[in-house]
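Any read-out appearing in this document is the output of simple, stated calculations on the displayed coordinates, not a laboratory observation. Just so it is clear, the structure is predicted and the values come from calculations on it, not from any experiment. Ideal geometry is used to build each Cβ from the backbone, glycine not excepted, and the neighbour counts take in all protein chains shown.
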Amino acid sequence: MKVLLDNNVWVAGLIARGACTDLIDHCLSAHQLVVSDWILEEVKEKLLTKFKYAPERVKEVESWMLEICDFFQLVGIPPEISRDADDNYVLLSAKQAQVVCLVSGDKDLLILEKFENIPIINPSGFWALED
């Protein structure tokens, strides 16, 4: 199935070995990961500014993500649904990619539960979907 991971899932999976890392690994072997230009830029910015990754390391992460994911450019104006305006770009990404689910740890997205018939689930909820 086609899956979109929110930038917070990618960052968590990259900075610490845990549930998000396992989720990324599983999706790489069993599903189709997609990433929008907006999500990729958010991942890069967080790694650089919040987690002080070296620019060279961020470039490596970017190259890796482009290699393992189906990359696409967002088009259009995001819906005004989430309390956090940035999250609307994640929703637009999910819609444009026509994913089966959106995996996020963001409470502002999770509270919506669904967008355009796309379930919004947390990483642990993804495993329940797999059963």
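The table below gives the values:
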item: Antiparallel bridge percentage (DSSP; both residues within the range 2-130; nearest 5); result: 15 percent
item: Distance (nanometres) between label positions extended 7 Å along Cα→Cβ at S63 and D25; result: 2.3 nm
item: Under 26 Å from K50, Cα to Cα: lysines that are on another chain or at least 8 residues apart; result: K59, K107
item: Under 21 Å from the Cα of K114 - lysines, other chains or at least 8 residues apart; result: K2, K95
item: [x] 11.1; [y] 7.5; [z] 11.9, with the label sought being that of the calculated mean projected area of the Cα convex hull in nm²; result: [y]
item: Full-extension gain in nm, I111 to I15, via 0.36 nm per residue minus C-alpha separation; result: 32.0 nm
item: Selected from L28, I77, I120, residue furthest toward positive end of dipole (the chain; charges at beta carbon); result: L28
item: Fewest-first sequence of R57, R17 by Cβ atoms within 10 Å of each Cβ; result: R17, R57
item: Total charge dipole magnitude, the chain, about the Cα centre, Cβ charges on Lys, Arg, Asp, Glu only, Debye to nearest 20; result: 220 debye
item: Gain on full stretching of the segment that runs from F51 to L129 - 0.36 nm per residue minus C-alpha separation; result: 25.0 nm
item: Net length gained if the chain between D37 and K2 were fully extended (0.36 nm per residue, minus Cα distance); result: 10.9 nm
item: Likely footprinting exposure, W10, W127, fewest C-beta neighbours within 10 Å first; result: W127, W10
